[in-house]
Amino acid sequence: MKRTVYLDNNATAPARPEAREVARAALEAVGNPSSVHGHGQMARRLIEEARERVARLVGASPAWVTFTSGGTEANALAFQAAARRSVFVSAMEHPSVMAQASGATLLPVTPDGVVDLAAFEKALAGTEGPAFVSVMLANNETGVVQPLAAVAEVAHRHCAIVHCDAVQAAGKMTVDLAALGVDAITLSAHKLGGLPGCGALIADPSLSMPPLLAGGGQERSRRAGTENIVGIAAFGAAADVGFRPQEAQSRQRMRDRIEDALLAIEPAARVFGRDAPRLPNTTCVAMPGLAAETQVIAMDLLGISVSAGAACSSGKVHRSHVLKAMGVDDAEADTAIRVSLGWANTEEDAERFIDAWRTVCMRTRGHTLTGVTAA
Ligand code: PLP
């Protein structure tokens with residue numbers, strides 16, 4: 001039997017060997033990090049070492065790092081700073097941001113999937129009072145990278161707080177807090193080779209941000225509850241691996257090879273956001289005439305794991321609000337799948353995917369032609 005190929009790294013990336021090793025060692029730690037005895041202090045050291053590593057990944061001070069249960073919680077925590085402010089989010093944010101942003105002004109994006117800066121500036125200029133802005137660094141479905149430094153510059157001119165969901169960007173490109181000029185960043189461990197169930201909000205300690213979970217003094221009172229020692233230690237190890245430019249170049253070569261091959265097989269296929277700056281590992285591509293769910297199942301039967309729309313929505317495929325924001329019509333959006341490469345993928349994986357896509361595409365064409373003939 002052929003080995004299966006995992007191309008859904010934006011949903012969850014396999015844990016890096018470095019993270020697995022640290023997780024195994026952390027399992028041996030028995031203490032509660034809040035305890036004053038030696039065991040507790042050993043556990044505390046694991047957490048503080050991880051905090052330094054995660055902070056280093058984005059060029060922040062360790063004092064800015066609050067560990068959470070993942071990207072979703074970190075996004076929710078960031079929005080605690082939005083109270084009594086006018087809220088602005090891009091129209092293609094992750095559902096975990098959208099869920100916090102009821103009543104927010106949605107910032108339009110261009111057909112390439114980049115936030116429209118002119119429209120943003122206009123919207124902010126028309127607002128009275130303090131504002132809170134949340135724009136992601138890289139989109140989870142298309143991989144399109146946003147001009148965050150420009151967003152932050154405009155926002156700060158209008159005295160807004162700027163939050164950036166960098167969950168998909170971290171580990172795939174350089175993420176530097178100072179260069180981005182934002183006040184808070186969200187990270188998620190399992191997207192960059194750590195374990196699921198762990199993330200961080202990296203935020204200016206001076207921001208007023210009431211905790212979502214209160215009761216213990218953990219995480220400098222920003223997040224109560226005994227820390228997930230294993231997850232946090234593994235997160236630190238994955239953050240320490242960080243961004244490897246050579247790996248990214250290799251991913252990009254595979255991604256470009258996949259896109260060129262698919263467009264040669266089916267010239268009517270479309271890659272979304274292709275002309276915009278993108279993450280090196282992600283492609284979002286529509287195969288004309290076949291629903292994305294059907295493609296995903298057909299690929300799965302051929303031993304390839306990819307996703308339709310946003311995989312975060314627990315197995316249910318919803319129409320992509322990201323493609324809708326980019327002006328893609330519903331019929332085409334419903335045929336788009338996401339392929340996301342990771343550190344463990346090889347060129348052979350890319351070729352296996354191309355072969356599978358060709359098979360599925362030819363079958364679809366056959367059915368379509370049969371349908372046309374029968375009509
Ligand atoms: N933000 C983005 C851009 C994501 O892609 C995801 C997950 O896919 C999240 C936030 C949520 O992260 P987590 O799964 O750690 O809650």
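The values are calculated or read from the model by the stated rules, or taken from the named source; none is laboratory data. Since we're looking at a predicted model, the values are computed, not measured. Every residue, glycine as well, gets a Cβ built from its backbone with ideal geometry; the counts of neighbours run over all protein chains shown. With ligands, DNA and RNA removed, areas are computed over all heavy atoms of the protein, side chains included. Shrake-Rupley method; radii C 1.70, N 1.55, O 1.52, S 1.80 Å.
Annotation: ALA237 fulfils all but one of (1) open to solvent by 10 Å² or more (accessible area, probe 1.4 Å); (2) assigned to a helix (DSSP H, G or I); the unmet one is (1). Just to be sure before I move on: is ALA248 in contact (Cβ under 8 Å) with a residue 40 or more places away in the chain, crowded, with 23+ Cβ neighbours inside 10 Å and part of a helix (DSSP H, G or I) in the structure I sent? Here the answer is no, as ALA248 does not meet what is asked. In summary, MET136 fulfils each of the numbered conditions (1) in contact with a Lys or Arg (Cβ under 8 Å, 6 or more places away or on another chain); (2) assigned to a loop (DSSP other than H, G, I, E, B) with the single exception of condition (1). The single residue among ALA261, ALA310, ALA268, ALA298 that is away from the ligand (no atom under 16 Å from the Cβ), part of a loop (DSSP other than H, G, I, E, B) and either at pLDDT 95 or above or under 21 Å from the mean Cα position of the chain (by Cα) (or both) turns out to be ALA268.
Would you please name the residue that is nearest to the ligand (Cβ to nearest atom), looking only at residues in the range 87-115 that are among the β-branched types (Val, Ile, Thr) and assigned to a loop (DSSP other than H, G, I, E, B)? Across the range 87-115, the extreme among qualifying residues is VAL114. PRO14 meets the conditions (1) in a helix (DSSP H, G or I); (2) under 30 Å from LEU301 (Cβ atoms); (3) of a type outside the set (Asp, Glu) in every case but one. The failed one is (1). Within the range 13-51, the set of residues being closer than 23 Å to TRP343 by Cα, in contact (Cβ under 8 Å) with a residue 60 or more places away in the chain and surrounded by fewer than 19 Cβ atoms within 10 Å (Cβ to Cβ) comprises PRO14, GLU18, ARG20, GLU21, ALA25. Scanning the range 162-209 for residues that are near the ligand (Cβ under 9 Å from one of its atoms) and either open to solvent by 20 Å² or more (accessible area, probe 1.4 Å) or not in a strand (DSSP E or B) (or both) yields ALA166, VAL167, GLN168, ALA169, ALA189, HIS190, LYS191, PRO196, GLY197, CYS198.
Mind listing just one residue for me: the one in the range 65-83 that is crowded, with 22+ Cβ neighbours inside 10 Å and assigned to a helix (DSSP H, G or I) and, of those, nearest to the ligand (Cβ to nearest atom)? Ranking the candidates gives GLY71 first. Contact annotation: residue pairs with Cβ atoms under 9 Å, 6 or more positions apart or on different chains, pairing a residue in the range 149-165 that is more than 22 Å from LEU187 (Cβ to Cβ) with a partner that is assigned to a helix (DSSP H, G or I) and open to solvent by less than 10 Å² (accessible area, probe 1.4 Å), are VAL154/PHE120; VAL154/LEU124; ARG157/LEU124; HIS158/LEU124.
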